[in-house]
Amino acid sequence: MPLRITDTNFEAVMSIYGTPLKYYPSRLCSCVAENGGLPKIGCSCILGYYYETAQDIQGVRQRVSYKRTNSPSGVIFDGGAQFSIPKFVDSIEQPVWKRLAKGDVISVVDKFRRETEILKKGVHDKLFAFDVTEIISVTQKNNVVYVQGRDFDLVGATIAWRNDATITPAELSDYVVEYTCNQQYVVWEDGAKDRGTIAEDLPRLVLCVLRRYISKDTNPIDSIPYSQDLY
C-alpha cells in the first residue's frame, strides 16, 4: 500500500519518514527563448537554468524509481520520486513550500549515487552535479590516471589542476571523472491533485525525475533527421 499523507498524521509521518533535503531554487535563462526553446551552447547557465545557494529543508520521499536506460553518454539512471514538502517543520515555516516550481533541484542528503562525466581541460572543468561527495578516479585514454592531491584538487564541484602536478591533461583535451554525489531530483510538476482542500497548511506534493548528466557541448536539435516528419 502506498504511504498516504494527510494533515492529521503528517507530524507523525515526518518523525518516522522525514529526511533532510537540500533545495536549489532555479531561475530560467533567457537563452532558451533565443535558441528555439533549448539551452544555448556557450551560455553560462546550466541547461537553461541558474541555481541559487542551497537551502536546508525537510520532507518525505516516496515512490522512488530507479531505472536505467542506454544513451549516447552510456548507461544512465532514468528514474524519479515523489516528495511531500510540509509547510511547517517544528512550527517554523519552510519558504520552499511556496516557491517550489518546475526546474528546481532537490538533493537527498547522505543518499549517494555514482556518476561519470567527461570534462574538457581549460574549458569545462566543473562537474554537473551538486553536492559532490568523493572523487573516485580521474582518467584519460591510454589508461592515464591522475591522482587527487598530487595532480588536482576538488574545489567545490570543480577539478582544479595543480601548478606543481606530476602530470596533467593537455589543454582542450577530454578526461573522465568518476565520482559520488547526493541523489538529485529535478522538480517536474506539482502532484496531479490539489490535496482536496483549501487548507494552506497541507504539504506540497511534487513529482520529480532524477537529474541526469547531459553534455553542454552538443545540442539535440543539431542531430534531428530532417528527412522525417517533426511533431
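Provide the net charge surrounding THR168, with neighbours chosen by a C-beta distance below 14 Å and charges set as Lys +1, Arg +1, Asp -1, Glu -1.
Residues close to THR168 contribute a combined charge of -2.
Evaluate E = 1/(1 + (r/R0)^6) for ILE136 and GLU34, where r is the Cβ-Cβ distance and R0 equals 30 Å; express this FRET efficiency to the nearest 0.05.
On the way: r = 37 Å, r/R0 = 1.25.
In this case the efficiency is close to 0.20.
Sorting 111-120, 91-100, 142-151 by average packing, meaning the other beta carbons within 10 Å per residue, from highest down gives 111-120, 91-100, 142-151.
Laboratory data are not the source of any read-out in this text; all were calculated from the coordinates shown. In this text, all values refer to a predicted model and were calculated from it rather than measured experimentally. FYI the Cβ positions are ideal-geometry reconstructions off the backbone, even for glycines, and counts take in every protein chain you see.
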